[in-house]
Amino acid sequence: KWRGAIVGMAKLQEQGIDHIIVPSAGNHARGAALAAKILNMHLTVVVPKSAPPEKKDFIRQLAPERLVRIHVTGDTFDDSLEWALSQHGATLHPYDNADVVAGQGTVVDDLLAWHPETKHIVLPVGGGGLLAGVLARLEQKGRTDILVHAAQADGSNSLGRSIDAGKLMDAHRPNQRYGGSAVRTIGAFTLAQSLRSPNLQLLTVPDDDVAELSELYDYDRRRLLRTSTPNYEPTTLVAVAAMRQLAHLDTPVTVLGTGQNDAIYSPASRRKSYLPF
């Protein structure tokens, strides 16, 4: 998330803007807070009541208090987004912003450097900024041979409905179980990129599959006494659960996660270690 935030915020800073409104379910704001610290910019972070307390705590930890103010409003991310867009001032949209999308797409460069054998990428879809960025960057690099599997949580089907209709369509029932997926409508950049990308496949992940995966993860962590294993990010589990539908593949697959929920305290190092899923 910080990749998109730093690119988008740097572009706004070049225009002389030093205060930005950032609507987020939690992860985008964390990326923006880190970018604010680096760029010395001021943020008003807008999150819904449903944002996990851990995310709000981490936002505060990632940037000096003088730079970041957190405003909680609405029951869902869409409520927070609507409030942010109604305010005067520059708003850094988490997924419908060309610079943010381009920044998120830079993960492709690292992915291919670390795992050049990858033939399939699985990623979760909320507003679709990560999806649009990954598809666009693969297109720029001439790698449309790599299939991108977009995992939709059950009910959060704005992407599928929009592709079928050829225009932006609301999800039937934005799934509030996974904050990053609980988006009413995908971004226009996501739809445009999805319609012209030959290497996109949609997967819908039932809640039961995600629930089973999360239970197994928690069970194994307790049984094996893996006290240093980080907690899962619910939206990331949507993408991991989608792997069940790709069991037939015999070529390398990479799953991209989105954000994190936990800080793991290591007594041995006497410091907090922030680990991705």
Checklist line | Qualifying positions in the stretch 20-47 - touching a residue at least 60 places away in the same chain (Cβ under 8 Å) and either out of contact with any strand residue (DSSP E or B) (no Cβ under 8 Å at 6 or more places or on another chain) or not in a helix (DSSP H, G or I) (or both) | finding: Ile20, Ile21, Val22, Pro23, Ser24, Ala25, Gly26, Asn27, Arg30
Margin query: So, Gly103, is that one in a loop (DSSP other than H, G, I, E, B), crowded, with 22+ Cβ neighbours inside 10 Å and on the phi < 0 side of the Ramachandran plot or not?
Written below: no
Checklist line | Close pairs (6 angstrom Cβ cut-off, 6 or more residues apart or separate chains): farther than 13 Å from Val45 by Cβ and at pLDDT below 90 in the stretch 77-98, open to solvent by 40 Å² or more (accessible area, probe 1.4 Å) and not in a helix (DSSP H, G or I) anywhere | finding: Asp78/Arg184
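Is it fair to say Gly31 is buried (at least 24 other Cβ atoms within 10 Å of the Cβ) and not aliphatic (A, V, I, L, M)? Spell out how you get there, then give the answer.
Numbers: buried (at least 24 other Cβ atoms within 10 Å of the Cβ): yes; not aliphatic (A, V, I, L, M): yes.
The answer is yes for Gly31.
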Next item on the list: Within the stretch 214-259, track down each residue that is open to solvent by 30 Å² or more (accessible area, probe 1.4 Å) and modelled with pLDDT of 90 or more.
Entry: Val240, Met243, Arg244, Gln245, Ala247, His248, Leu249, Asp250, Thr251, Pro252, Val253, Val255
Next item on the list: Among the numbered conditions (1) farther than 15 Å from Ser194 by Cβ; (2) among the basic types (Lys, Arg); (3) under 20 Å from the mean Cα position of the chain (by Cα), tell me where Arg66 comes up short.
Entry: (3)
Next item on the list: Working only within the stretch 71-100, note down all residues that are closer than 18 Å to Gly259 by Cα and either part of a strand (DSSP E or B) or touching a Ser or Thr at 6+ places or on another chain (Cβ under 6 Å) (or both).
Entry: Pro94
Notebook entry, point to check: Quick check: is even one residue across the stretch 1-14 open to solvent by less than 70 Å² (accessible area, probe 1.4 Å) and assigned to a loop (DSSP other than H, G, I, E, B)?
Noted result: no
Note to self: I'd like the full set of residues that are open to solvent by less than 30 Å² (accessible area, probe 1.4 Å) and among the hydrophobic types (A, V, I, L, M, F, W, C), limited to the stretch 163-179.
What the structure shows: Ala171
Check: Could you say which residue among Ala192, Ala182 is out of contact with any strand residue (DSSP E or B) (no Cβ under 7 Å at 6 or more places or on another chain) and open to solvent by less than 10 Å² (accessible area, probe 1.4 Å)?
Finding: Ala182
Notebook entry, point to check: When you go through (1) in contact with a helix residue (DSSP H, G or I) (Cβ under 8 Å, 6 or more places away or on another chain); (2) free of Cβ contacts under 8 Å to residues at least 60 places away in the same chain; (3) more than 17 Å from Thr235 (Cβ to Cβ) one by one for Ala102, which number turns out not to apply?
Noted result: (2)
Next item on the list: Restrict the check to the stretch 87-97 and report whether at least one residue is open to solvent by 50 Å² or more (accessible area, probe 1.4 Å), under 25 Å from Arg177 (Cα atoms) and under 16 Å from the mean Cα position of the chain (by Cα).
Entry: yes
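Yes/no per residue for (1) open to solvent by 70 Å² or more (accessible area, probe 1.4 Å); (2) out of contact with any strand residue (DSSP E or B) (no Cβ under 7 Å at 6 or more places or on another chain); (3) more than 18 Å from Ala192 (Cα to Cα):
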position	(1), (2), (3)
His115	yes, no, yes
His120	no, no, yes
Ala132	no, yes, no
Glu139	yes, yes, no
Thr144	no, yes, no
Val148	no, no, no
Arg161	yes, yes, no
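The values are calculated or read from the model by the stated rules, or taken from the named source; none is laboratory data. For clarity, every value in this text was computed on a predicted model and none was experimentally measured. Note: ideal-geometry Cβ built from the backbone for every residue, glycine included; neighbour counts use all protein chains shown. Surface areas here come from the heavy atoms of the whole protein model, side chains and all, with no ligands, DNA or RNA. Shrake-Rupley method; radii C 1.70, N 1.55, O 1.52, S 1.80 Å.
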